[in-house]
Amino acid sequence: MSGLVNVLVIVAVAALVIVRLFRTRRFDADRRWWLVPAVLTVVALREPALLDPDHHGASAALLTAELLIGLGTGAGWGWTTRIWAGQDGTVWTRSSTASAAVWIGGIALRIGLAALGSSLGIRQGSAAVLLTLALTLLTRSAVMALRARSLTVPAAGASPAYGDGKARTAWKERV
């Protein structure tokens, strides 16, 4: 039953992340952005066979590669997400198409590692996927929090943020 629960958690978190990927959302750098990754890590670490007992070294190498992919995916996702401050100082974010490309690339690399592990006869459980997802979300949130703290509130009458979908009027300087 533990494997089924892990699969359901992975599917639920992935669906939530994908659905929220292109929505404009408020981002609060002070909230507990580390909580969901911490819960995913606890769920993953309670799995007794994180590493394949028959292939300890190769299994550890695959897990390390997966975690590095998760770290890179999270950092890439965080840096390719649009971020801006509203007039009231509220920070807003929205993922870009580059963010989706980072996600797709990370998933493709993860599938490639799973295929490599399978061809070598290494048993991989869902705990590795949970840890990778936790690290991806944690890294993305940390990058976003870092970026959000460096934003300044726009002056009154300033142009809206790039990509917010509002039409802009041309401004002509007087001669």
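The values are calculated or read from the model by the stated rules, or taken from the named source; none is laboratory data. Source: prediction; values computed, not measured. Note that we place each Cβ from the backbone using ideal geometry, even for glycine, and neighbour counts take in every protein chain shown. The protein model used for the area step is the full one, side chains on, heavy atoms only, and it has no ligands, DNA or RNA in it. Shrake-Rupley method; radii C 1.70, N 1.55, O 1.52, S 1.80 Å.
For the range 1-138, the residue among GLY112, ALA44, VAL102 whose Cα projects farthest onto the positive side of the dipole built from Cβ charges is VAL102.
With all protein chains in place and a 1.4 Å probe, the accessible surface of the range 1-144 carries 70 percent carbon and sulfur. A 1.4 Å probe over all protein chains sorts PHE27, PHE22 by accessible area into PHE22, PHE27, starting with the largest.
Residues in the range 18-148 average 51 Å² of solvent-accessible surface per residue, probe 1.4 Å, ligands and nucleic acids excluded. Listed peptides 15-21, 139-145, 60-66 appear in the order 139-145, 60-66, 15-21 once ranked by packing, highest mean of other Cβ atoms within 10 Å at the front.
Judged by the mean number of other Cβ atoms found within 10 Å, the most tightly packed of the peptides 42-52, 70-80 leads the ranking 70-80, 42-52. In plain terms, the chain from VAL7 to ARG149 could stretch by 47.6 nm, reckoned as 0.36 nm per residue minus the Cα-Cα distance. Extending 7 Å from Cα along the Cβ direction at ASP28 and again at HIS55 yields two label points whose distance is 4.5 nm. Compared with the direct C-alpha span, the chain from GLU47 to ARG20 gains 6.9 nm at full extension, assuming 0.36 nm per residue.
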